[in-house]
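Each value in this text was obtained by applying a stated rule to the coordinates, not by laboratory testing. As the structure is a computational prediction, the values presented were derived from the model and not from experiment. Every residue, glycine as well, gets a Cβ built from its backbone with ideal geometry; the counts of neighbours run over all protein chains shown.
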Amino acid sequence: MSSSEEETYSIIFNSLKHPARRKILRMLSDKPRSFTEIWDTLEISSSHVTYHLEHLGDLVTKMKNGKYKLSTFGAAAVLTMKGVEDAPDIKSKNPLYLPTSWKPVFAVLMIGIVILAAISYIQTSTLSEVNALQERLENQLSQLTAENNRLLSWDSHLNSAKSFLQDVVQLDLTQYAAVLVTNTLEFNPEFGGVAEEILRYTLTSNNSELDVDFRFRNQTLSRFRMNILEGQPIYKQTRTADFQSYVSSLIERCQTYSGAAYLGEMQQMLDNTNDAGATQTIEGNQKLTLHTEGDETEISWFYTKSGIDYQAKGVQLKFEDNTLEELTDGYYLYQIASTDITISEQEAINIATEYAKTISWTANNQKISNFTILPDSAEANLYPHPREPLKLIPY
């Protein structure tokens with residue numbers, strides 16, 4: 001079996017085991033439908049509808065009028081569903097409790113059913129449809145081959161992502177089936193051509209579904225995000241009820257994962273914060289801030305000097321209901337080019353005020369200009385800004 005066929009059958013399996021995607025396939029087997037029609041019928045959020053349509057892959061196609069219809073393999077998947085649903089009601093054991101030795105046999109039988117259903121449908125199609133399908137599969141094979149070659153050169157990130165989920169977040173990956181949805185690589189000119197790779201996975205178990213993505217810059221993790229689509233994450237062990245202790249151990253695991261010494265300093269700074277009501281602490285050139293609103297908590301560490309906060313050079317954690325949702329690390333990436341201030345606050349206000357007098361624009365065919373400036377209402381703030389790639393200066 002070719003790699004493109006394996007990819008298509010994998011999409012069919014993933015689609016048939018999700019009730020929302022099965023319902024979309026049944027709807028489209030009657031007639032093409034618009035996004036709004038699908039949304040109204042499913043009664044779920046529009047973002048979840050988009051998510052499920054993306055995961056149906058080549059089983060559905062979007063027509064020029066914006067409506068969705070079944071593809072050849074989509075119709076084959078519907079035939080497979082009908083074959084299973086119309087089968088006699090035979091009392092059997094739950095397949096989840098089959099002996100381990102029988103599970104490969106069960107998997108082979110299911111693959112055989114899907115393959116036979118797809119072949120049966122293709123044989124009844126016209127010759128032109130088969131030729132069009134073959135051409136599309138050949139194009140997909142070419143794209144997948146090129147993508148595979150690229151991924152082979154960056155496979156260290158695939159292992160790094162798995163290690164982060166398992167060792168830092170402490171997800172029980174034995175409970176999840178993981179699918180790599182996207183893997184993009186760009187060389188961002190904003191960061192001086194730094195290699196930026198973004199990987200996105202879906203993790204599915206019997207009781208939960210997660211959407212996670214990783215961003216690597218210079219082959220180092222700079223961002224992790226986790227979106228809970230269904231249920232709750234399954235962890236390897238019970239987490240401590242004390243939130244500060246949990247965050248401290250999380251930072252410790254991050255340091256073990258990355259080897260970054262500054263994470264150890266940040267952990268120590270958090271441990272030294274004994275006042276539960278404290279929202280800001282400064283030790284040397286490190287500032288720690290904590291902000292809680294409802295179920296959401298943000299904890300940030302960033303470089304500070306001479307009263308200037310270089311927030312881009314920092315680490316930020318975001319939690320919802322004490323569950324890690326996002327980790328961002330730009331501390332390793334940025335450098336402090338200068339902390340010297342050569343202009344006073346009043347001088348900055350004067351320059352800005354004089355410039356504001358020259359501003360004009362046209363609204364409703366009328367030119368608006370000659371403003372009256374109220375200097376007492378002006379203030380100047382310093383924001384570190386990259387004057388050159390990855391080097392921050394006061395701005």
**Message:** Please compute the modelled spin-label separation between ASN381 and SER46, points set 7 Å along Cα→Cβ, answer in nm with one decimal.
**Reply:** 3.2
**Violating pairs (Cα-Cα greater than 22 angstrom) within the set LYS31/LYS62; LYS31/LYS82; LYS162/LYS391** = LYS162/LYS391
**Message:** Relative contact order of region 197-355, please, whole-number percent, based on alpha carbon pairs below 8 angstrom and at least 6 residues apart.
**Reply:** 14
**Message:** Contact order normalised by length for region 262-356, with contacts defined as Cα pairs under 8 Å and 6 or more residues apart; what percent is it?
**Reply:** 15
**Item:** Full-stretch length increase - GLN166, ILE368 - with 0.36 nm per residue and alpha-carbon distance subtracted
**Value:** 66.8 nm
**Prompt:** In percent, what relative contact order does region 156-238 have, based on Cα pairs under 8 Å that are 6 or more apart in sequence?
**Reply:** 25
**Item:** Net charge dipole size for region 200-293 [Lys, Arg +1 and Asp, Glu -1 on Cβ; Debye, nearest 20]
**Value:** 400
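Tell me the net charge near GLU196. Cut-off is 13 Å between Cβ atoms, GLU196 excluded, with +1 for each Lys or Arg and -1 for each Asp or Glu.
-1
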**Message:** Tell me the net charge near ILE349. Cut-off is 15 Å between Cβ atoms, ILE349 excluded, with +1 for each Lys or Arg and -1 for each Asp or Glu.
**Reply:** -4
